[in-house]
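Read through the structure below, which is laid out as structure tokens, and then see the notes.
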Amino acid sequence: MAGLRLGPDDSELSQQSRAAPADLISDDDRSVAADSWSIKSDYGSTLDDDQRHADAAEALSAANLRAPSDYSSDKEEPDAEGVTSMLGLQSYWDAAYADELANFHEHGHTGEVWFGADVMEVVVSWTKNLCIDISQGRMPNHVDNIKSDPVEQGDKYLSDWSVLDIGTGNGLLLQELSKQGFSNLTGTDYSEGAIDLARSLAGRDGLPNIHFLVDDVLDTKLERQFQLVVDKGTLDAIGLHPDGSIKRVMYWDSVSRLVAPGGVLVITSMNNTKDELVQEVESFNQRSVTQEHDETPKDKFQYLSHVRSYPTFMFGGSVGSRVATVAFLRN
């Protein structure tokens, strides 16, 4: 889960130091990366299936999208773009989670709450209200304004929802969803260290019902679908890979198979605005129609709602937010 911070304060900077593989960057370069990027990057797979990679490249070419970066991870002195790309590599996060797991065993530290605890609280509360609204047969409109039901009332709606968190990291998002009444919970991450940490934390916190497993969303081995799929920063990280544009195409192909028909995908991003995410979904829908040659084409995803309560700022005459959380319905 990765993204740019605008003007981090000292307390934020103190939480941003992440370890990186020694063969990629030095201690000084680690500091540059930590100061420049503060949002977690759980995906950005380095495991390529040649055919899927080629198909994605062909789709990008057909859509006239930006070509992948020619960045090489072997540069001895990475520039700013190089540092950015490192956060899209699995090796970076394997090293980071190895450190966090060691800190947990030695000191009991939970690790970082990526995007911050306030954002996670908003995502969890908003997602809960969204799912209750859908369970009651109402299409959401301005979900921020829905009055939250007590957890015990929400249980009757939420316990039936199967939930997948892709790029789960330390699993804290699923822990918070569990506290809100969701009970069928699965978290995946391509970093084995992340899954070890998530399992350890869930066990310590008395939540053994959450299922964690190692899995790469770009080459998923999951053979089931979920009614709710959540992504907090994973698509951001995929975009930071040197072949990010191609891998984002692969992401949508994979996620469309993981979300059950009638299910919901909730994406939280700091690298993309709400409008950019909607545009990316529309591009995916167009590619899908072209590839399937269906006589009665139908969009796979449609925009459902988005969080409206994040703080906003004005820049260049436009109003924006540092964070975007957007929900899409799987048709």
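The values are calculated or read from the model by the stated rules, or taken from the named source; none is laboratory data. Small disclaimer: the values here were computed from a predicted structure and weren't measured. When we count neighbours, we look across all protein chains shown, and the Cβ atoms used for this are built from the backbone with ideal geometry, even at glycine. SASA here: full protein model, heavy atoms, side chains in, ligands and nucleic acids out. Shrake-Rupley method; radii C 1.70, N 1.55, O 1.52, S 1.80 Å.
Scanning the stretch 248-262 for residues that are assigned to a helix (DSSP H, G or I) and out of contact with any Gly (no Cβ under 7 Å at 6 or more places or on another chain) yields Val249, Met250, Tyr251, Trp252, Asp253, Ser254, Val255, Ser256, Arg257, Leu258.
Sub-6 Å Cβ pairs linking a first residue in the stretch 261-282 that is under 11 Å from Leu228 (Cα atoms) to a second residue that is crowded, with 21+ Cβ neighbours inside 10 Å and among the aromatic types (Phe, Trp, Tyr), at least 6 apart or interchain, are Leu265/Phe328, ordered by first then second residue. Do we find that Gly44 is at positive phi, touching a helix residue (DSSP H, G or I) at 6+ places or on another chain (Cβ under 7 Å) and at pLDDT below 70 in this structure? Yes; evaluated as a whole, the condition is true for this residue. When Arg248 is tested against the conditions (1) surrounded by fewer than 20 Cβ atoms within 10 Å (Cβ to Cβ); (2) of a type in the set (Lys, Arg); (3) closer than 26 Å to Asn331 by Cβ, the lone failure is (1).
The single residue among Leu235, Leu258 that is among the aliphatic types (A, V, I, L, M) and under 22 Å from Val122 (Cα atoms) turns out to be Leu235.
Considering only residues that are surrounded by 15 or more Cβ atoms within 10 Å (Cβ to Cβ) and in a loop (DSSP other than H, G, I, E, B), which ones fall in the stretch 176-214? Once the filter is applied, which keeps residues that are surrounded by 15 or more Cβ atoms within 10 Å (Cβ to Cβ) and in a loop (DSSP other than H, G, I, E, B), the stretch 176-214 yields Gln180, Gly181, Phe182, Ser183, Tyr190, Ser191, Asp205, Leu207, Ile210.
For the stretch 306-326, filtered to residues that are part of a loop (DSSP other than H, G, I, E, B) and modelled with pLDDT of 85 or more, the residue that is surrounded by the most Cβ atoms within 10 Å (Cβ to Cβ) is Val307.
Restricting attention to the stretch 97-136, the residues that are touching a residue at least 12 places away in the same chain (Cβ under 8 Å), within 19 Å of Ala202 (Cα to Cα), among the hydrophobic types (A, V, I, L, M, F, W, C) and assigned to a helix (DSSP H, G or I) add up to 5. Scanning the stretch 233-242 for residues that are open to solvent by 10 Å² or more (accessible area, probe 1.4 Å) and not in a helix (DSSP H, G or I), we see that the one that is farthest from Ala198 (Cα to Cα) is Pro242.
Here Lys75 clears all of (1) open to solvent by less than 20 Å² (accessible area, probe 1.4 Å); (2) at pLDDT below 85 except the condition numbered (1). Evaluating Val289 against the criteria (1) assigned to a strand (DSSP E or B); (2) over 16 Å from Leu130 (Cα atoms) leaves one unmet condition, (1).
Which of the residues that make up the stretch 135-178 are polar (S, T, N, Q) and modelled with pLDDT of 95 or more? Result: Ser162, Thr168, Asn170, Gln175, Ser178.
Please work out if Gln227 is assigned to a strand (DSSP E or B), open to solvent by 50 Å² or more (accessible area, probe 1.4 Å), under 23 Å from Glu176 (Cβ atoms) and not acidic (Asp, Glu). Considered against the rule, which asks whether it is assigned to a strand (DSSP E or B), open to solvent by 50 Å² or more (accessible area, probe 1.4 Å), under 23 Å from Glu176 (Cβ atoms) and not acidic (Asp, Glu), Gln227 comes out as yes.
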